[in-house]
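Chemist: Before we start, here is the structure in question, set down as C-alpha cells.
The values are calculated or read from the model by the stated rules, or taken from the named source; none is laboratory data. What you see is a predicted model; the values in this text were computed from it and never measured. As a convention, Cβ positions derive from the backbone with ideal geometry for all residues, glycine included, and neighbour counts pool all protein chains shown. Keep in mind that these areas ignore ligands, DNA and RNA; they rest on the heavy atoms of the full protein, side chains included. Shrake-Rupley method; radii C 1.70, N 1.55, O 1.52, S 1.80 Å.
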Amino acid sequence: MKRALLPALLLFAACSVDVPSGGEVRLEPLPLAIVDGAGAGDLPVVLRKDLDARDPDGRLDWSGSPEMTIALHRVDDPALIAGAFRIEGAAGRYAVRATDALGLQYGAYEILERAGILFLHPEETYFPPALCVACVGTVDETFSPTYSMRGTHVHTMHPIEYESTLLGHDPAVLERFDRFLGWLIARRQNYLEWNLLRTVDDERWIIHASEMVSRAHARGFAMGIVAPIAFRQQNSFFLVDGENPAPATEQIAASVDWLMQAGWDRINVEMGASEFFPVSDVEQVELLEFLADYLDEAWPGVRAATKVHCTVNQKAPSFGDMNFNYIPQFADGNVGVMPHSVQWYDLYRTGPTYDREDFTDMREFLLQEIGKREVFYYPETAYWVTFDNDIPLFLPQYVYARWLDLYNLRDSGMDGQINFSSGFEWGYWLNDLAAAWHVYAPDADYLAPVRRVFSMFGSAADDAVAAFDAHTRWQGDELLEKNGIRWLIAWDAADDIGHFADIHAQPIRVRLYEVAKMDLAAAEAFAAAELPQLDGIVEESEGHAQRWATLGDRIPAPPRRIHREFLLGLQMNAIRARFMRSLYDVVLAGVRGDDLAWARALARAESLRDRGIALAARQAGTYRFPLDELAVDRESFTSYPFGYLRTVPDLWYWGRELEMARDPQGYNFLVALYDLIESAGL
C-alpha cells in the first residue's frame, strides 16, 4: 500500500495554515419590506421580528425604499395543500401565495435565501454584502411537500445545545427557542419534539413548555413531547412508575392530563424499560393501545406514536419470539410507529451496527405498516455517543444517507420523517439542514441543499460543492460500505463492557488489547489483512483535507468561517486516522518485542493527540453556544454531568485509547465520565 508513507508533515502543514483573513468587505444596508398582501394577519410582523433577532449588526433596513418587497397572500386554492406555496414576481417585487401560515412563511424564507440571506444554523444567519435581486429574477413556481410530517426530534437525553432551553424554565431562553423555531420554519419543518426527563422542575417546566407550545402554535407549527410508558434509561420521564401500586392505565391517564396542560399536538413514547431490556410484550401492546385510545377520548386530535428501535437482542415470546421492537404492528391503527435507524446508516445499504448487518428488516417493517397507521421514519443526523461529534469526527455522509432514504421512499405513502438531532457543532448543522430540505421534497440530487449553502462562497462555490461531493462519496464507499468507520469511532466503558457480553451499539473492530494478546504470527496476519485499509483512510483523509484547504483564498471573507469550520473537521478526521494507525503500531511493536519502535510509535501517537487538541481549540472559536454549556463538566438534566462536547477539548476518548495502547494488559476498562448504572436506568 503506498500509504505511503506520505509524510505526516504534509498534514501538519495543512493544519497549521489558518484560513487567510482577506480584505474587508463593505457591508451595505439591506432594504427589505415584508407586507400583508391579503389575509396574512400579523405574519409580516412575525417574520420581520425573526429576521431582526438574527441580525446583530443591524443590516436589515425596513424603513427606506425597499430593494425587495415580499407580499404574503393567504388564498383559498385547492391546488395548494398544507405547507405548499407559490412564489411569483420579478425585479424585486414578489408575492407568496399559500393556504396556511406555514406555507406563507416557507415562501418568504425561500425568496430571502435566493436573494442571499441564508438560514444556516439557528444561531447563525448569513447576510450577504448586498441583496441579490437578480438571483431571484423572474419567478412563477409552486412548491408542494412530498411528506406531510416534516419533524425534528431534539434528543434531550443527551446534554446538547437545547437541553436547558427545552427542559429548563428560565424565561430568558425563550428568545433562543424563538430563533430555533424560526430556523425550523425556514427549513420547512412543521413539527418539533424532545424527550422529557424526570429531572425537570415539574411545576415550572410545564409553564415554560406551555409558553413554547403557544409560540409555536402562533406560527402554525406543531409540537410534541416524548414521554415513554416505562422506559427508564438516561433519566427518562415515564408515564408508568412500576413502584406505584396504582393501575398502569390510571397512571397513564393522570400523566397525560398533566402533560396536556401545555397543549401538545402529539405524545410519543418509547417501548421497553431501556434500549436493551424489554417489558411484558402483551402488556406493552395493551398500554400502547390504551394511550392512543385515551388521547382520542380525552384529548381529541392529539396523536401518539412509538419509536421502533433497531436492537436485535429483545424477543417477544407471546408473538412467536419475534423482535420485541416490531410488536406495535399488533396494536390498533391509532398507534403510530417511528421505525428507527441509528448513526449514519440508512435503510438501503450496509449497517454493521447494533449487532446487525443492515436495516433491511426495518425497511420491510416500515413499508408493511404504511396504510395501516401513521408511519414516520426516525433516522439520525448525529449519534453522539462515541460515534461522531464527541470524538470528534466530521461525517457529511449523513447528508447523503438522509437523502437516500427519503428519495427512495418518496412514492411509498409514508407519512414523513421525524429526524433525531443530537448536536449541531462541528458542521453537524448541515446534516439537519439537508435532512429538513429533503423531507419537504427530496431532489433527484442530494447536493441541492449543499449548493444553496455554498452559494455564499462566490467563485469557489462550484469547486466547494465538488470537493464536498468527492469526500462524501468517499466516506460512503470506504467508511460506510466497507466499514472503515470502525477504525475511527471511539469506545467508552459501556462499549467495552458490552463487547465482553457480545452486545454492541456500534461497528466492531479488533481492539488494541486483543492484538496485544496475539502471538507474533497472528499479530502479523492481522496487520497484513486489516491495517492496509486504515493506511488508505489516512492517505485519503489527508488528501481531502488538503483539497478543501486550497479553496480558502477564493472564498469571500464573511463566509470564510464556514469554510474554516469544515476544514477543521476534515483535518481532525485525518489526524484521527493517523493517530489510530499509530496506536496499532504501538501494540504491534510490543508483540514484536521492538522497544525502539514501541517508543517511537507511542511518541508519534502522543504528538498527534496534542495536535488534535490544538485543532479542537481552534474549532471552539466557531461554536455558536457558550463553551460552558457545550464542552465542560456541568450540571445537567441528563444522566451525563457535562456538555455533549466535553470529550473534545482534551480529546478524552483519544487519551483513553492511548493509555490502552501503552498498557493493554493493565488497562482499567471501567474508566468513564458518568455513572453507567444510573445512565442505564438500572
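Chemist: Could you list all residues from the range 587-596 that are surrounded by fewer than 17 Cβ atoms within 10 Å (Cβ to Cβ) and touching a Leu at 6+ places or on another chain (Cβ under 8 Å)?
Modeler: Kept after step one, since they are surrounded by fewer than 17 Cβ atoms within 10 Å (Cβ to Cβ), are these residues of the range 587-596: 592-596.
Once the filter is applied, which keeps residues that are surrounded by fewer than 17 Cβ atoms within 10 Å (Cβ to Cβ) and touching a Leu at 6+ places or on another chain (Cβ under 8 Å), the range 587-596 yields only R592.
Chemist: For the range 142-170: of the residues being of a type outside the set (S, T, Y) and without any contact (Cβ under 8 Å) to a residue 40 or more places away in the chain, which is farthest from S412 (Cα to Cα)? Explain how you work it out, then say what you get.
Modeler: Filtering the range 142-170 down to residues of a type outside the set (S, T, Y) leaves 143, 145, 149-151, 153-155, 157-161, 163, 166-170.
With the extra rule that they be without any contact (Cβ under 8 Å) to a residue 40 or more places away in the chain, the set shrinks to 169-170.
Numbers: H169: 41, D170: 43 Å.
Applying the filter and picking the extreme gives D170.
Chemist: Regarding R624, is this residue of a type outside the set (A, V, I, L, M) and open to solvent by 60 Å² or more (accessible area, probe 1.4 Å)? If you could, list the steps in order and put the result at the bottom.
Modeler: Details: of a type outside the set (A, V, I, L, M): yes; open to solvent by 60 Å² or more (accessible area, probe 1.4 Å): no.
The answer is no for R624.
Chemist: Hey, R600 hits all of (1) over 26 Å from the mean Cα position of the chain (by Cα); (2) crowded, with 18+ Cβ neighbours inside 10 Å but one; which does it fall short on?
Modeler: Single failed check for R600: (2).
Chemist: Take the residues in the range 629-682 that are of a type in the set (D, E, K, R) and part of a loop (DSSP other than H, G, I, E, B), then tell me which one is most open to solvent (accessible area, probe 1.4 Å).
Modeler: Among them, the one singled out is E635.
Chemist: Hey, can you tell me all the residues within the range 549-578 that are closer than 16 Å to S459 by Cβ, in a helix (DSSP H, G or I) and of a type in the set (A, V, I, L, M, F, W, C)?
Modeler: Once the filter is applied, which keeps residues that are closer than 16 Å to S459 by Cβ, in a helix (DSSP H, G or I) and of a type in the set (A, V, I, L, M, F, W, C), the range 549-578 yields only I562.
Chemist: Taking the residues in the range 225-247 that are β-branched (V, I, T) and within 29 Å of R187 (Cα to Cα) as candidates, determine which candidate is surrounded by the fewest Cβ atoms within 10 Å (Cβ to Cβ). Before you say what the answer is, go through the steps one by one.
Modeler: From the range 225-247, those β-branched (V, I, T) are 225-226, 229, 240; that's our starting set.
The next check asks that each one be within 29 Å of R187 (Cα to Cα); those that pass are 225-226.
Working: I225: 22, V226: 27.
The extreme case among them is I225.
Chemist: Please go through the range 485-501 and give me each residue that is more than 21 Å from the chain's Cα centre (by Cα) and modelled with pLDDT of 95 or more, ordered by number.
Modeler: W487
Chemist: What number of residues within the range 603-621 are open to solvent by 10 Å² or more (accessible area, probe 1.4 Å) and more than 19 Å from the chain's Cα centre (by Cα)? Give the derivation first.
Modeler: Initial filter on the range 603-621 (open to solvent by 10 Å² or more (accessible area, probe 1.4 Å)): 603-604, 606-607, 609-611, 613-614, 617-618, 620-621.
Now narrow it down to the ones that are more than 19 Å from the chain's Cα centre (by Cα): 603-604, 606-607, 609-611, 613-614, 617-618, 621.
Summing the residues that are open to solvent by 10 Å² or more (accessible area, probe 1.4 Å) and more than 19 Å from the chain's Cα centre (by Cα) in the range 603-621 gives 12.
Chemist: Also, I was wondering about something else. Within the range 398-408, track down each residue that is of a type outside the set (K, R) and surrounded by 24 or more Cβ atoms within 10 Å (Cβ to Cβ). Let's see the steps before the verdict.
Modeler: Taking the range 398-408 and keeping what is of a type outside the set (K, R), we get 398-401, 403-408.
Within the range 398-408, Y398, V399, A401, W403, D405, L406 meet the criteria.
Chemist: Let me ask something additional. Test each condition in (1) farther than 24 Å from E530 by Cβ; (2) touching a Phe, Trp or Tyr at 6+ places or on another chain (Cβ under 8 Å); (3) at pLDDT 95 or above; (4) not basic (K, R) for G590 and report the one that comes out false.
Modeler: Of everything listed in (1) farther than 24 Å from E530 by Cβ; (2) touching a Phe, Trp or Tyr at 6+ places or on another chain (Cβ under 8 Å); (3) at pLDDT 95 or above; (4) not basic (K, R), G590 misses just condition (1).
Chemist: Which count do you get for residues in the range 300-349 that are open to solvent by 40 Å² or more (accessible area, probe 1.4 Å) and either among the hydrophobic types (A, V, I, L, M, F, W, C) or over 30 Å from D265 (Cα atoms) (or both)?
Modeler: Number satisfying all stated conditions: 11.
Chemist: Consider the range 290-323. How many of its residues are in a helix (DSSP H, G or I) and either within 26 Å of the chain's Cα centre (by Cα) or of a type in the set (S, T, Y) (or both)?
Modeler: If we filter the range 290-323 for residues that are in a helix (DSSP H, G or I), which is where we start, we get 290-298, 317-319.
This time we only want the ones that are either within 26 Å of the chain's Cα centre (by Cα) or of a type in the set (S, T, Y) (or both), so: 294, 318.
Result for the range 290-323: 2.
Chemist: In the list F330, F324, which residue meets the criterion of being among the aromatic types (F, W, Y), touching an Asp or Glu at 6+ places or on another chain (Cβ under 8 Å) and in contact (Cβ under 8 Å) with a residue 24 or more places away in the chain? Write out each step before concluding.
Modeler: Values: F330 fails: touching an Asp or Glu at 6+ places or on another chain (Cβ under 8 Å).
Sole residue among the options that is among the aromatic types (F, W, Y), touching an Asp or Glu at 6+ places or on another chain (Cβ under 8 Å) and in contact (Cβ under 8 Å) with a residue 24 or more places away in the chain: F324.
One line per residue, one yes/no per condition, for (1) out of contact with any Pro (no Cβ under 7 Å at 6 or more places or on another chain); (2) assigned to a loop (DSSP other than H, G, I, E, B); (3) hydrophobic (A, V, I, L, M, F, W, C); (4) at pLDDT 95 or above:
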{"site": "V510", "(1), (2), (3), (4)": "yes, yes, yes, yes"}
{"site": "E530", "(1), (2), (3), (4)": "yes, no, no, yes"}
{"site": "Q533", "(1), (2), (3), (4)": "yes, no, no, yes"}
{"site": "V538", "(1), (2), (3), (4)": "yes, no, yes, yes"}
{"site": "S541", "(1), (2), (3), (4)": "yes, no, no, yes"}
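Chemist: Looking at S148, is it open to solvent by 10 Å² or more (accessible area, probe 1.4 Å) and under 19 Å from H438 (Cα atoms)?
Modeler: Working: open to solvent by 10 Å² or more (accessible area, probe 1.4 Å): yes; under 19 Å from H438 (Cα atoms): yes.
For S148, the condition - open to solvent by 10 Å² or more (accessible area, probe 1.4 Å) and under 19 Å from H438 (Cα atoms) - is met.
Chemist: Filter the range 484-515 down to the residues that are open to solvent by 30 Å² or more (accessible area, probe 1.4 Å) and not charged (D, E, K, R) and list them by number.
Modeler: A494, I497, H499, F500, A501, I503, I508, V510
Chemist: Taking the options E357, E374, E364, E380, name whichever one is acidic (D, E), more than 30 Å from A631 (Cα to Cα) and either in contact (Cβ under 8 Å) with a residue 40 or more places away in the chain or open to solvent by less than 10 Å² (accessible area, probe 1.4 Å) (or both).
Modeler: Working: E357 fails: either in contact (Cβ under 8 Å) with a residue 40 or more places away in the chain or open to solvent by less than 10 Å² (accessible area, probe 1.4 Å) (or both); E364 fails: either in contact (Cβ under 8 Å) with a residue 40 or more places away in the chain or open to solvent by less than 10 Å² (accessible area, probe 1.4 Å) (or both); E380 fails: more than 30 Å from A631 (Cα to Cα).
Only one candidate passes the filter, namely E374.
Chemist: If you don't mind, another one. Checking A90 against (1) of a type in the set (A, V, I, L, M); (2) touching a Ser or Thr at 6+ places or on another chain (Cβ under 9 Å); (3) open to solvent by 20 Å² or more (accessible area, probe 1.4 Å); (4) more than 15 Å from A115 (Cβ to Cβ): exactly one of these is not met. Which one?
Modeler: With (1) of a type in the set (A, V, I, L, M); (2) touching a Ser or Thr at 6+ places or on another chain (Cβ under 9 Å); (3) open to solvent by 20 Å² or more (accessible area, probe 1.4 Å); (4) more than 15 Å from A115 (Cβ to Cβ) applied to A90, the lone miss is (4).
Chemist: Another question about this same structure. Out of (1) under 25 Å from D553 (Cβ atoms); (2) loosely packed, with under 15 Cβ neighbours inside 10 Å, the odd one out for F457 is which?
Modeler: Condition not satisfied by F457: (2).
Chemist: Another question about this same structure. From the list A209, A222, A216, exactly one residue is of a type in the set (A, V, I, L, M) and open to solvent by 10 Å² or more (accessible area, probe 1.4 Å). Which is it? Spell out how you get there, then give the answer.
Modeler: Numbers: A209 fails: open to solvent by 10 Å² or more (accessible area, probe 1.4 Å); A216 fails: open to solvent by 10 Å² or more (accessible area, probe 1.4 Å).
Answer to the check: A222.
Chemist: Kindly provide the set of residues from the range 47-87 that are open to solvent by 40 Å² or more (accessible area, probe 1.4 Å), under 16 Å from Y106 (Cα atoms) and in a helix (DSSP H, G or I), ordered by number.
Modeler: If the condition is that a residue be open to solvent by 40 Å² or more (accessible area, probe 1.4 Å), under 16 Å from Y106 (Cα atoms) and in a helix (DSSP H, G or I), then R48, K49 are the ones that fit.
Chemist: Identify, by number, the condition in (1) free of Cβ contacts under 8 Å to residues at least 60 places away in the same chain; (2) open to solvent by 30 Å² or more (accessible area, probe 1.4 Å) that A448 doesn't meet.
Modeler: (2)
Chemist: Another question about this same structure. Within the range 194-201, can one find any residue that is farther than 21 Å from F85 by Cα and free of Cβ contacts under 8 Å to residues at least 40 places away in the same chain? Don't jump to the end; show me each part of the working.
Modeler: The first filter runs over the range 194-201 and keeps only residues farther than 21 Å from F85 by Cα, leaving 194-201.
In the following step, the residues that additionally are free of Cβ contacts under 8 Å to residues at least 40 places away in the same chain were identified as 201.
Checking the range 194-201: at least one residue is farther than 21 Å from F85 by Cα and free of Cβ contacts under 8 Å to residues at least 40 places away in the same chain.
Chemist: Has the range 112-128 got any residue that is open to solvent by 10 Å² or more (accessible area, probe 1.4 Å), more than 25 Å from the chain's Cα centre (by Cα) and of a type in the set (S, T, Y)?
Modeler: No, that holds for no residue.
Chemist: Does D477 meet the test of being of a type in the set (D, E), in a helix (DSSP H, G or I) and open to solvent by 20 Å² or more (accessible area, probe 1.4 Å)?
Modeler: Numbers: of a type in the set (D, E): yes; in a helix (DSSP H, G or I): yes; open to solvent by 20 Å² or more (accessible area, probe 1.4 Å): yes.
Answer is yes for this residue.
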